[in-house]
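What follows draws every value from the coordinates through simple rules; no lab data is involved. Keep in mind that what you see is a predicted model, and the values were worked out from it rather than measured. Every residue, glycine among them, receives a Cβ derived from its backbone with ideal geometry; neighbour counts consider all protein chains shown.
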Amino acid sequence: MKRRIEVKYLTRVEGEGALTLETQGGEVTNARLEIFEPPRFFEALLVGRDYRQAPDITSRICGICPVAYQITASQAMEHALGLSVAPEIQLLKRLVYCGEWIESHILHIFLLHLPDFLGLDDSLQLAKKNPQAVQTALNIKKLGNELVTLVGGREIHPINLRVGGFYQAPSCQALRALLPRFQQALQDLRGLLPLLAGLDFPTFTQDYLFVALRPTEGYPLEQGRVVTSTGLDLGKEDYETRFQETQVPGSNALHSHLEGEPYLVGPMARFALNFDRLTPACQQIARDLGLGPGPERNPFKSILVRAVESYYALEEAARLIEAYQPPNLSPLEASPQAGTGFGLTEAPRGMLYHRYTLDPAGAILQAKIVPPTSQNLPRIEADLKAFAQPRLDLDDQQLTWMLEQAIRNYDPCISCATHFLKLRRL
């Protein structure tokens, strides 16, 4: 007996793609994510461009996480040119990154993923069933967007970030005017946690190889070394000595492996490898949600981990705003030179890697970008195969629903990965 399940267009993810699930004789033989969104060739578009253009060009890869691309590209160029960014500039980068985490995580939790756990088709049905929760979540998301606008100059594809820092610094008055709203958002998010804690999660765990950044101090956002659950510890210059990308049939996205093994990046990996870096309030919230201090290995509970990270981003943004003093934005002197620079940050969906090679005039000779979803794709396919196997007694409609929900655990950004999703059954 052969079965084939198809989801031609997966909903509530960023981008376009499909999943094919095939079984034979009661065994899952294949779970393949077919990413058919056309590739946009950003790495090729960067070749020949001045190094200063990289942050603005790469931000167009994604409207959900443009700050991640801008900061990672800037970091790589600063590394190539030997620029040392002042601590106060680094903190301002961290602040705008907090805004992106807030708006991205809250969007995913309450509008894209939560309806699955409540048996609802979409966020519109959720808004009818629980309008107060949706409105509260939207208010928190709006605050994240406003923070990105204030620091980044624009809500989508910000225009204030550049290699070496920022064009303008927000005023103390403008930032501190947001503080009461951050305090309210922290209370509001706490009020939403019982809704998440009461969710019914499918029984499913995997033995993940977690990969995330770990900075010298604090929870990872805009910098850090690559660490893994197997004890690996790498600088950004050594990323490609252990991680490899390969092309696979039926996909416009590359697949990434760590020395041949699939691995997981994103909230669950950060949480597993950096729980001790969370604030006491976040650690307590995690425990209240049934998480930590050890790794969480049920991907369906990633919605809870994102809630913890959302609270952390709100806390961290408030802390940075309280301590903020406008930095000196005098342009860093950088003479164009030949060289290679590397950047690594933690986008909302996981670790993001950039590498650029420059010619003596500062023009880009080569660019390499490895987004989080490309890194997670092999792991997602392995998880789908393992998740489906004990559930093959379900009819096609039930199994399709559960597999679509499972895919949303990873908040895949197909456009970033270039690209993703259908579900077929044989």
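In plain terms, the residue of E100, E6, E34, E346 with the fewest other Cβ atoms within 10 Å comes first and the most crowded comes last, giving E6, E34, E100, E346. Think of the chain as a dipole: +1 on every Lys or Arg Cβ, -1 on every Asp or Glu Cβ, centred on the Cα centre; then among P202, S84, G218, P202 lies furthest on the positive end.
From the square roots a ≥ b ≥ c of the eigenvalues of the alpha-carbon gyration tensor of the range 236-386, which class results: rounded (a/c under 1.5), prolate (a/b over b/c), or oblate?
Values: a/c = 2.88, a/b = 1.15, b/c = 2.50.
It comes out oblate by the Cα gyration axes.
In summary, the lysines within cross-link reach of K2, defined as a Cα separation below 23 angstrom excluding same-chain residues under 8 places away, comprise K385, K422.
Ordered by the count of other Cβ atoms within 10 Å of each Cβ, fewest first, L147, L91, L344 give L91, L344, L147. Put a dot 7 Å past the Cα of D233, heading toward its Cβ, do the same for D50, and the two dots end up 4.1 nm apart.
Estimated at 0.36 nm per residue, the fully extended path between L332 and D396 surpasses their Cα-Cα distance by 17.1 nm. For the peptides 40-49, 289-298, the ranking by mean Cβ contacts within 10 Å, running from highest to lowest, is 289-298, 40-49.
Sorting the segments 365-372, 201-208 by their residues' average number of neighbouring beta-carbon atoms within 10 angstrom, most packed first, yields 365-372, 201-208.
Approximating the spin labels as points 7 Å out from Cα along Cα→Cβ, the Q389-to-L138 distance works out to 4.4 nm. Computed about the Cα centre, the dipole magnitude for the range 216-288 is approximately 240 debye when only Lys and Arg (+1) and Asp and Glu (-1) carry charge, each at its Cβ.
Compute the FRET efficiency between T246 and L365 as 1/(1 + (r/R0)^6), taking r as their Cβ-Cβ distance and R0 = 22 Å, and round to the nearest 0.05. Display every interim value, and only then the final one.
Working: r = 23 Å, r/R0 = 1.05.
So the FRET efficiency works out to roughly 0.45.
Here the Karplus relation 6.51 cos²θ - 1.76 cosθ + 1.60, evaluated at θ = phi - 60°, turns the backbone of the range 225-234 into coupling constants of 8, 7, 10, 9, 6, 9, x, 5, 9, 10 Hz, with x for every Gly and Pro.
Cβ crowding within 10 Å, taken as a proxy for footprinting-reagent exposure, orders W401, W101 from fewest neighbours to most as W401, W101. Distances between placed amide hydrogens fall under 5 Å for R49 paired with I364, all partners being 5 or more residues away or on another chain. Of all aspartates and glutamates in the structure, the ones whose alpha carbon falls short of 13 Å from that of K129, not counting any fewer than 8 places away in one chain, are D121.
Just the number, please: percent antiparallel of the DSSP beta bridges in the chain, rounded to the nearest 5.
Numbers: 43 of 47 bridges.
Antiparallel: roughly 90 percent of the beta bridges in the chain.
Other residues lying with their Cβ under 10 Å from the Cβ of G165 contribute a combined charge of 0, Lys and Arg counting +1, Asp and Glu -1. Mean-square fluctuations from a GNM of the chain, with a 10 angstrom spring cutoff on Cα atoms, peak among Q284, Q247, Q405 at Q247. With 24 Å as the limit on Cα-Cα distance, the pairs of K8/K128; K301/K368; K8/K301; K142/K368; K236/K368; K8/K141 that go past it are K8/K128; K301/K368; K8/K301; K142/K368; K8/K141. Highest-first packing order for the peptide set 210-216, 27-33, 220-226 is 220-226, 210-216, 27-33, based on the mean count of other beta carbon atoms within 10 Å.
Anything in the chain that counts as a DSSP H helix reaching 15 Å or more along its axis (C-alpha) with Kyte-Doolittle mean of at least -1.0? List them, would you? Kindly include the intermediate steps, with their values, before the conclusion.
Values: long enough: 66-81 (23 Å, 0.22); 87-107 (30 Å, 0.23); 131-152 (31 Å, 0.31); 179-197 (27 Å, 0.34); 302-322 (30 Å, 0.42); 372-388 (23 Å, -0.40); 396-408 (18 Å, -0.60).
Membrane-span-like by this rule: 66-81, 87-107, 131-152, 179-197, 302-322, 372-388, 396-408.
Rounded if a/c is under 1.5, else prolate if a/b is larger than b/c, else oblate: which is the range 277-362, with a ≥ b ≥ c the root eigenvalues of its Cα gyration tensor? Oblate, because a/c is 1.5 or more while a/b does not exceed b/c. Residue-wise HN-Hα couplings along the range 160-173, as the Karplus relation 6.51 cos²θ - 1.76 cosθ + 1.60 with θ = phi - 60° gives them from phi, are 9, 8, 8, 4, x, x, 9, 7, 9, 9, x, 7, 4, 4 Hz; Gly and Pro carry x.
Only four residue types carry charge here, +1 at the Cβ of Lys and Arg and -1 at the Cβ of Asp and Glu. Report the dipole size of the chain about the Cα centre in Debye, rounded to the nearest 20. All intermediate terms of the calculation are to be shown ahead of the outcome.
Values: 42 positive and 48 negative charges, 103 e Å.
In total the dipole reaches around 500 debye.
Given R₀ = 25 Å, what would the calculated FRET efficiency be for T340 paired with R40, taking r from the Cβ atoms and rounding to 0.05? Once the sixth-power term is evaluated, E becomes 0.60.
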